[in-house]
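Step one of this worksheet: look at the structure below.
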Amino acid sequence: MQGIEVLFMGNNMLRLLDGLWVTLRLSLISIALSLVIGVFVGALMLVKNPVVKVMCRVYIEIVRIMPQLVWLFIIFFGITKMTKINLSGETAAVIMLTIWGASEVGDLVRSAFQSIPSHQFESGLSLGLSRPQLYFYVIFPQALRGLVPDIINLSTRMIKTTALVSLIGVTEVLKVGKQIIDANRFEFPNAALWVYAEIFLMYFIICFPLSLLSRKLTKKRGE
Amino acid sequence: MAEHIIDIDHITKRFGDNTIINDLSLSVEQGEVLVLVGPSGCGKSTLLRCINGLEPIQGGSIKLHGEPVEHGKPSLYKVRQKIGMVFQSYDLFPHMTVMKNITLAPLKVQNRSKDEVTEKAMALLKRVGLDGKADSYPSELSGGQKQRVAIVRSLIMNPDIMLLDEITAALDPEMVHEVLNVVLDLAKGSETNSGGTTMMIVTHEMAFAEAVADRVVFLDGGVIVEEDTPQEFFHHPKTERAQRFLQTFTYSR
Amino acid sequence: MNTFKKIASVFAAAAMALSLAACSSSNGSSAASDSTDDSSAASGSYRTVDQIKESGEITIGVFSDKNPFGYVDNDGTFQGYDVYFADRIAKDLGVELKLVPVEAASRVEFLETAKVDIILANFTVTDERKEKVDFALPYMKVALGVVSPDSAIITDAEQLNGKTLIVVKGTTAESYFTENYPDVKLQKYDEYNEAYSALQDGRGDAFSTDNTEVLAWAMNNPGFTVGVESLGSTDAIAPAVTKGNETLLNWINDEITALADEQFFHADYDATLASVYGDNVDKDSLVVEGGVM
């Protein structure tokens, strides 16, 4: 148990919780924005206009090819160099995560809709459902069911990616952990184990209910 | 009698340069069971889809009880409520129970009362032998059971006509019978005061076609080649093309 | 037209999202995240000494997890040799101090975009970096150190000839000994903790890397001593400012020169490094006063 006392020294517990809040705040805002914008992107990709389609494709591929760290530097440092506009670290982080998240959500939305067989549309229409009714009762619920696990998976990836923001001066939970380990590295060289265990526990407490939820949502229909 | 349910007047349907239906005219009377047969790609399935407004037509007109069926027009949603359609592929909504599948349209489209619709649904399910499956999801049903539910889902709308598009083509052989029996039952009109259900059926089951049809229409190349009673058509086909087509269904030793 | 409308609505949504994000982060900066919100320091170009004084706040980038140079203690307060100096700079300028946690990989960018006024993050002066930032006079230096067991202590690099020296791959120590002491057998490891274990297990006779590193380790590992405290070429560690920021550069140089009178960096050492390096270390192997190496 050597080193566990580090967790209870000074404000360390509170600082870890603060860091967790930074991580969560950045992730939640980004996930929410990604969902809103991603649905638009997905809808655009389903538009029959080839120019719009190609533009969306290019956007998604560029985001995919470039590492998130590069995006973060471009947004936080690059924009300031080019335009003199100075974004705060958190704003830059949210923009980076949202650009990335929205492209992923867009592609997920597109594939969720494309995976719905055409006869689902046709049988709905032939029952006399109006377009809004067709989408509300038949198409959206099916698309959503396919989307939920993917979105939750993406969300956990976004939460993890948030750790990058310490490079632009934003202190999230992992960085707080490193600070605590480092501040005590001479007196308690084994503290790292306990600090990481606590952070793991914090992530687990957040992510486990999410994965339970997604499992429940996908299993519900017995398919 | 002899009231026309469907009037098809000189319609033409093209996919690009490919003419699928060529200047075709056809009428279906109240209570009539019309079976469409013909080789693959002859346009019989496309014809059903045009009648339901799922495909636009390039010429002519289709009328249901004198009202035009026009692809893309708002009036189409009204007309479609009077046309029941069952497809070859299993098209139940996978996220809804059997009961929800059946009651969705009557509740949301026709605004009927929940009690009445549920009662009617149970009666129909009983008629097709599936009254125990009301709370099952489609994934828990066999192919034959799914198609019987799909028939019920159309029937509950009280359609003027049912369009059945190769509804047994995707089924395992042992399930074909149970579905066709349901259709035969509908054709006879075993329900008290109502007569037989008016139907247009596309099928490759020739024995079934002969049993169920009041009239057989043989399509080839987008035109009606022969039109007759089932007895005449299946035993004394008049055109060479029909003879050749029917031969493909018998083994020649 | 229809497509155009759709695209327009996406842009509208994106713009809304950005403004939303901007609000949420500007009012949400907690103590744990000393992020660079509010552009007190930066608008993309550097600030002169007068501008800094006028704003009443100086922004200095420091490490937050490099004990004992820049770190955050258990109470959440910045501490360390660099932070001690940063405090003094702010005090002598008569302004508030705002510390921004930086990482080794982003120090240059923070200066290039003027998101901080000064970097005080154990910043080693190199020719490559000189092209991108302006270094002031050094306030610390770093060289190689050699740590060995008390039972067979190495006090001169010559004693290593024919013996086995533990090094970490890619460090200055590896290249230095390869070039200058070909008779020393090198045992190479990927990680520092592997190298220390090897030394403790007696797999090698000594271990060499930056003296700041081995000195701190020896202090906390009884039975081992840094017999060679300063070896090889000495690297200067200096404050850095945005390239071209002459007023601030000159001010820092004057400050460092003036602080020599009171032996400020020796006091800094006593306050921040002594507990880590112990009393036996020669302070002058690390501390630079008045910018004179």
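Values in this text are rule-based calculations from the coordinates and carry no lab data. The structure presented is a predicted model; accordingly, all values stated were derived computationally and were not measured. Ideal geometry is used to build each Cβ from the backbone, glycine not excepted, and the neighbour counts take in all protein chains shown.
Relative contact order of chain A, please, whole-number percent, based on alpha carbon pairs below 8 angstrom and at least 6 residues apart.
Averaging sequence separation for qualifying contacts and normalising by length gives 32 percent for chain A.
Check which residues have an amide H placed less than 5 Å from C:Gln187's amide H, if you skip close sequence neighbours.
C:Leu165, C:Ile166, C:Val167
Using 7 Å Cα-to-Cβ label points, what is the C:Asn193/C:Ser45 separation (nm, one decimal)?
In this crude spin-label approximation the distance works out to 4.9 nm.
Under the definition of partner shielding as Cβ atoms of other protein chains within 10 Å of a residue Cβ, what is the mean value for peptide C:64-72?
Rounded to a whole number, the mean comes out at 6.
Please compute the net charge surrounding C:Pro239, taking Lys and Arg as +1 and Asp and Glu as -1 over other residues with Cβ under 11 Å from its Cβ.
Neighbour charge sum, excluding C:Pro239 itself: -4.
Semi-axes of the equivalent ellipsoid of chain B: what are they in whole Å, largest first, if each equals the square root of 5 times a C-alpha gyration tensor eigenvalue?
29, 22, 17
Per DSSP H run of n ≥ 4, the term is -39500 (n - 2.57); total these for chain A, divide by its residue number, and report the mean residue ellipticity at 222 nm rounded to 500 deg cm²/dmol.
Here the helix-only value at 222 nm equals -24000 deg cm²/dmol.
Per the helix-only calculation at 222 nm, which mean residue ellipticity applies to chain B, given -39500 (n - 2.57) for every DSSP H run of n ≥ 4 and division by its residues, nearest 500 deg cm²/dmol? Mind dumping the intermediate values first?
Working: 9 runs with 89 residues, N = 253.
The per-residue figure over chain B is -10500 deg cm²/dmol.
Just to check, using Stokes-Einstein with a Kirkwood Rh over alpha carbon pairs, what's the diffusion coefficient of chain A at 37 °C and 0.692 mPa s in µm²/s?
The estimated diffusion coefficient comes to 165 µm²/s.
Computed on alpha carbon atoms, what radius of gyration and Dmax characterise the protein assembly as shown, expressed in Å?
Radius of gyration, then largest Cα-Cα span, for the protein assembly as shown: 39.6, 123 Å.
By a straight-distance test (C-alpha under 27 Å), which lysines pair with B:Lys63 as possible cross-link partners, with residues fewer than eight away in the same chain excluded?
Answer for B:Lys63, where 27 Å is the Cα cut-off: B:Lys13, B:Lys44, B:Lys73, B:Lys78, B:Lys82, B:Lys108, B:Lys188, listed by chain and number.
Obtain the radius of gyration and the Kirkwood radius of segment B:11-107 from its C-alpha atoms and give Rg over Rh.
0.99
With a 10 Å Cβ neighbour count serving as the proxy for reagent exposure, in which order, fewest first, do A:Trp194, A:Trp21 appear?
Final ranking by Cβ density, sparse to dense: A:Trp21, A:Trp194.
For the protein assembly as shown, what proportion of DSSP beta bridges, expressed in % and rounded to the nearest 5, is antiparallel?
55
Can you give the alpha-carbon Rg of segment B:136-253 over 2.2 N^0.38 Å, where N counts its residues?
1.18
Can you give me the Rg/Rh ratio for segment C:143-234, using Cα atoms for both radii and the Kirkwood formula for Rh?
0.90
Amide H to amide H under 5 Å from C:Phe123: which residues, 5+ apart in sequence or cross-chain, H placed 1.01 Å off N in plane?
Close amide H contacts, sequence-distant or interchain: C:Ala238.
Compute the distance in nm between two label points, each set 7 Å from the Cα along the Cα-to-Cβ direction, one at B:Lys126 and one at B:His204.
Taking the two extended label points, one gets 3.7 nm.
Which helices count as membrane-span-like in chain A under these terms: full DSSP H, at least 27 Å along the axis by C-alpha, Kyte-Doolittle mean of 1.0 or more? Present the calculation step by step, with values, prior to reporting the outcome.
On the way: long enough: A:12-46 (49 Å, 1.75); A:89-114 (37 Å, 0.67); A:140-161 (29 Å, 0.29); A:191-219 (41 Å, 1.22).
Membrane-span-like by this criterion, though nothing is claimed about a membrane: A:12-46, A:191-219.
Using all alpha carbons of segment A:102-173, what is the percent of pairwise distances in each 10 Å bin, ordered from the shortest bin to the longest?
18, 34, 23, 14, 9, 3
Take the Cα radius of gyration of segment B:110-195 and divide it by 2.2 N^0.38 Å, with N its residue count; two decimals is plenty.
1.09
Considering every residue in C:74-80, what mean count of other chain Cβ atoms within 10 Å of its Cβ is obtained?
Mean shielding count: 5.
In debye, nearest 20, what is the charge dipole magnitude of segment C:122-202 about its Cα centre with +1 on Lys and Arg Cβ and -1 on Asp and Glu Cβ, if you could check?
120
Taking the DSSP beta bridges in chain B as the whole, what percent of them are antiparallel, to the nearest 5?
For chain B, the DSSP antiparallel bridge percentage is about 55.
So for each of A:166-175, A:196-205 I average, over its residues, the number of other beta carbons within 10 Å; can you give me the resulting order with the highest mean first?
A:166-175, A:196-205
Mean separation of Cα pairs under 8 Å and 6+ residues apart, divided by the residue count of chain B: what relative contact order is that in percent?
25 percent.
Give me the percent relative contact order of segment C:143-234, please, defined on Cα pairs under 8 angstrom at least 6 residues apart.
Details: 180 pairs, mean separation 45.5, N = 92.
Answer for segment C:143-234 is 49 percent.
Could you work out, residue by residue across A:159-169, how many beta carbons of other chains sit within 10 Å of that residue's beta carbon, and then give the average as an integer?
4
From the square roots a ≥ b ≥ c of the eigenvalues of the alpha-carbon gyration tensor of segment A:1-109, which class results: rounded (a/c under 1.5), prolate (a/b over b/c), or oblate?
Prolate, because a/c is 1.5 or more and a/b exceeds b/c.
Over all pairs of distinct alpha carbons, what does the Kirkwood formula give as the hydrodynamic radius of segment C:224-277, in Å?
Averaging 1/r across every pair of different Cα atoms and inverting gives 14.0 Å.
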